[in-house]
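The values are calculated or read from the model by the stated rules, or taken from the named source; none is laboratory data. It should be emphasised that the depicted structure is a prediction, and the values quoted were computed from it without experimental measurement. Glycine also receives a Cβ, built like all others from the backbone with ideal geometry; neighbour counts cover every protein chain displayed.
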Amino acid sequence: MADIGSFARWQSQRAGSRRAQCRSWVFSRRARSLAARVGEWHMKKLKHEAELFKAALLAGVRYAEGRNAVEFEATDSASDKALYVYRLLVHDKIIAPMPEDQVSEKTIRHRLATWYAHQLPDGHPLLG
């Protein structure tokens, strides 16, 4: 008779895990339907994103060269520098990585600008 009790416990645990799976499936289904209604997930707009990116690129280049990881030349393009700085910051775990299919020049510029904006003190002119 002990086997029947353990079978009943196993069955109730299994039912609980099925309920959890259903809840997670419903949540993911809701998230997908919300994404379909909204269209695409959009990046948060920054008011002075171009200026923030320029400052972020300078700060990132200083960080990379100060760390003796790289020496940039005058002929290196801004997009190459931005990609290198992004990868270095991800490697050093300073910023969170993006999925590889989302890595593009536009998203890297936005990520670096956001990173630099978080370094600035409240009330800085670039934040307003």
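Considering region 114-128 alone, what residues qualify as being more than 13 Å from the chain's Cα centre (by Cα) and assigned to a helix (DSSP H, G or I)? If you could, list the steps in order and put the result at the bottom.
The initial filter retains those residues of region 114-128 that are more than 13 Å from the chain's Cα centre (by Cα), namely 116-128.
Across region 114-128, the qualifying residues are 116, 117, 118, 119.
Anything in region 114-128 that is among the small types (Gly, Ala, Ser) and over 23 Å from residue 82 (Cα atoms)? List them, or say none.
123, 128, listed by residue number.
Scanning region 91-110 for residues being within 21 Å of residue 70 (Cβ to Cβ), among the β-branched types (Val, Ile, Thr) and not in a loop (DSSP other than H, G, I, E, B) gives a total of 1.
Every condition in (1) modelled with pLDDT of 95 or more; (2) in contact with an Asp or Glu (Cβ under 7 Å, 6 or more places away or on another chain) is met by residue 126 except one, and the failing one is (1). Filtered by the rule that a residue be at pLDDT below 95 and surrounded by 13 or more Cβ atoms within 10 Å (Cβ to Cβ), region 44-69 gives 46, 48, 49, 69.
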